[in-house]
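Peer 1: To start, I am sharing the structure in question, which I have written as structure tokens.
Where a number appears in this text, it was derived from the coordinates with a stated rule and is not lab data. What you are looking at is a predicted structure, and each value in this text was computed from that prediction instead of being measured. No Cβ is skipped: glycine too gets one built from the backbone with ideal geometry, and neighbour counts run over all protein chains shown.
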Amino acid sequence: MRVAIVHDWLVSYAGSEKVLEALIHIYPDADLFSTVDFLEKGQRGFIQDKPVQTTFIQNLPFSKKKYRQYLPLMPLAIEQLDVSDYDVVISSSHAVAKGIITGPDQLHISYIHSPIRYAWDLQHQYLKESNLNKGIKGMVAKSVLHYMRMWDYRTSNSVDHFLANSYFIGNRIKKVYQRQAKVIYPPVDVSAFTLNKKKDDFYLTASRMVPYKKMDLIVQAFAEMPDKQLYVIGDGPDMEKIKKKVTPNITLLGYQSFEVLLDYMQRARAFVFAAEEDFGITPVEAQACGTPVIAYGKGGALETVIGLDREQSTGLFFYKQETQAIQEAVRTFEQKSLLFQPELIREHALQFSPEHFKSQFEQYVMDEYKTFG
């Protein structure tokens, strides 16, 4: 069984790359394809230093830093990659990888992190945040996204089987592509986040400081609760905006090493998470430390955190991205804090381990390959 793995772009090591890393562990002899590959020499360990076949975008001007600006060309680029020699093609896609062209005698399984967010239901939010919702630039951007939607839907027909990283994304796949998807949760390195039963009297949030993460909302909520200590780990475009909201009970730590993040995550009374994520890795990492999670009750968090309405709760939810909702959730958490048992919280997190992902994924592909054609 000759396997090709197709990834959107290789520029960093984030959530989708952790899935790619697991896929390469399952299929160490697979060949790797991507629109671009700008991984530095010291970053290539997770792909086992494999050679990567890339597209013409790799050689376009300024593509190393501005590869996203070539999005209108990516459908054409991905279609030029030749995977005709392979029995099984696995695409790991949140943008264009699923559009790879395959033949009738090839099994194409696409693991979807999300349909192209900024082309579908998050289009208006993306255009507004990018200041592309009006004027000539706005018209061009809307036209490009319209084209991307048409291409994205059309190429969904060439996928034999869809896999989703959560039921939330499975519903999005059904809405956008009119296709059913099996859910296999992505791998989280829960073994690296070890249990600590003793908690200190502070709250933690950690994330990239970008608008949809709503880090500013969490900081504002705690600024209005001066008796509660909050530590904030992360950096990004919203840092200056967030700095203006900081009060004496809030400590901005900026970007920190894994060791520092782990220490705070293990000792925190609770981890606060306000983003609507497709899956959301950090709440699982916090739970692996035995730390309960106070999360926005939408998206993947509803699948990774067990709320107060169920037995053996691992956290609780707030249902509006508003400061008052966060504050009420924190107060409820403190009233119910004895319900949260660190050992049980960690046990829940273990179901998202890389081993679970690998065994489920490998078995699924093998079963489909045996019955294909």
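Peer 1: With angles folded into 0 to 90 degrees, how steeply does helix 354-371 sit against the dominant principal axis of the chain? Use alpha carbons for both and round to 10.
Peer 2: It is inclined by approximately 30 degrees.
Peer 1: In the chain, if the dipole is taken from +1 on Lys/Arg beta carbons and -1 on Asp/Glu beta carbons about the Cα centre, which of Leu350, Phe318, Asn131 is farthest to the positive end?
Peer 2: Toward the positive end, the furthest listed residue is Asn131.
Peer 1: Could you line up Thr371, Thr304 from fewest to most neighbouring Cβ atoms inside 10 Å?
Peer 2: By the 10 Å Cβ count, ascending, the order reads Thr371, Thr304.
Peer 1: Further question: So between His356 and Asp235, what do we pick up on full extension, going 0.36 nm a residue minus the alpha carbon distance?
Peer 2: Working: separation 121, 0.36 × 121 = 43.56 nm, distance 3.14 nm.
Here the segment from His356 to Asp235 would lengthen by 40.4 nm.
Peer 1: Then there is this: So how strong a dipole does the range 190-352 carry about its Cα centre when Lys and Arg Cβ are +1 and Asp and Glu Cβ are -1, to the nearest 20 debye?
Peer 2: 260 debye
Peer 1: In vacuo Debye scattering of the range 241-373, one point per C-alpha: log10 I(q)/I(0) at q = 0.14, 0.15, 0.23 Å⁻¹?
Peer 2: With one equal scatterer per Cα and no solvent, log10 I(q)/I(0) is -0.71, -0.79, -1.47.
Peer 1: Still on this structure, please answer the following. If you project the alpha carbons of the chain onto the principal axes, what extent comes out on each, in Å, largest first?
Peer 2: That gives 62, 51, 41 Å along the principal axes, largest extent first.
Peer 1: Take the residue pairs Lys64/Lys298; Lys244/Lys320; Lys137/Lys244 and return only those whose Cα atoms are more than 26 Å apart.
Peer 2: Cα-Cα > 26 Å for Lys64/Lys298; Lys137/Lys244; rest within.
Peer 1: With just the Cα atoms defining each centre, how far is the range 355-373 from the range 60-109? Give it in Å.
Peer 2: Spelled out, the Cα-based centre of one part sits 22 Å from the other.
Peer 1: Over the chain, with a Gaussian network built from C-alpha contacts below 10 Å, which listed residue (Gly315, Gly170, Gly236) shows the highest mean-square fluctuation?
Peer 2: Answer for the Gaussian network model of the chain: Gly236.
Peer 1: To continue, here is another question. Running a GNM on the chain with Cα contacts under 10 Å, which residue among Asn249, Asn165, Asn59 ends up with the highest mean-square fluctuation?
Peer 2: Asn59
Peer 1: Set the Förster radius R0 to 41 Å, insert the Cβ-Cβ distance between Glu40 and Asp309 as r into 1/(1 + (r/R0)^6), and round the FRET efficiency to 0.05.
Peer 2: 0.30
Peer 1: Could you compute the FRET efficiency for Ser257 and Lys128, with r as their C-beta to C-beta distance and R0 at 30 Å, rounded to 0.05?
Peer 2: Numbers: r = 35 Å, r/R0 = 1.15.
Computed FRET efficiency for Ser257 and Lys128 comes out at 0.30.
Peer 1: On to the next question. Any idea what the dipole of the chain comes to, in debye rounded to 20, about its Cα centre with Lys/Arg Cβ at +1 and Asp/Glu Cβ at -1?
Peer 2: Computed charge dipole of the chain: roughly 1300 debye.
Peer 1: For labels at Thr247 and Met1 in the simple 7 Å Cα→Cβ model, what's the distance in nm?
Peer 2: 5.7 nm
Peer 1: Taking the Cα atoms only, what angle lies between the long axis of helix 135-156 and the longest principal axis of the chain, rounded to 10 degrees?
Peer 2: That helix lies at roughly 70 degrees to the long axis.
Peer 1: A further question on this structure: Roughly how tilted is helix 258-267, in degrees to the nearest 10 and between 0 and 90, from the longest Cα axis of the chain?
Peer 2: 40 degrees
Peer 1: In what sequence do Lys213, Lys66 fall when counting other Cβ within 10 Å, fewest first?
Peer 2: Final ranking by Cβ density, sparse to dense: Lys66, Lys213.
Peer 1: Got a sec? How would Trp120, Trp9 order by Cβ neighbour count within 10 Å, fewest to most? Show your work: numbers first, answer last.
Peer 2: Numbers: Trp120 18, Trp9 25.
Fewest-to-most ranking of Trp120, Trp9: Trp120, Trp9.
Peer 1: Also, quick follow-up: Enumerate the residues in the range 113-133 having an amide nitrogen under 20 Å from the point lying 7 Å beyond the Cα of Met139 toward its Cβ.
Peer 2: 124, 127-128, 130-133
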